[in-house]
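Here is the structure we will look at.
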Amino acid sequence: MKTILVTINKVNIAAPRFFRKHVVCDYKGVIKVIYELEGESVKLEKNGVNIRNSVISNNEVIFDSLEPGFYQVKINNLVKSVRDESK
């Protein structure tokens, strides 16, 4: 009989971080999501309607050219609400 030793290390993954850039003059808004899990699906909704889907690549997703409004970013079981009221 052979004995095998297995070591399990817990790896803490930080929660996703969200950043926004408001609409300014002729520039559209931007929502940036930073997350450590590569390949995770991220959904962007506006007023409850899915408008874009993307995947975490190089630890981030950027949704740009956004009009002012109310957005929800969904990743895993987390939903982040973002409101951009600038005009």
> For the stretch 57-87, what are the residues that are loosely packed, with under 11 Cβ neighbours inside 10 Å and under 15 Å from Ile34 (Cα atoms)?
Replying inline: Asn58
> What strands (runs of 3 or more DSSP E) lie completely within the stretch 8-87 and have 1 or more residues being at pLDDT 90 or above?
Replying inline: 29-34, 41-46, 49-55, 60-66, 69-75, 78-84
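The values are calculated or read from the model by the stated rules, or taken from the named source; none is laboratory data. This structure is a prediction, so every number in the text was calculated from the model and none was measured. Note that we place each Cβ from the backbone using ideal geometry, even for glycine, and neighbour counts take in every protein chain shown.
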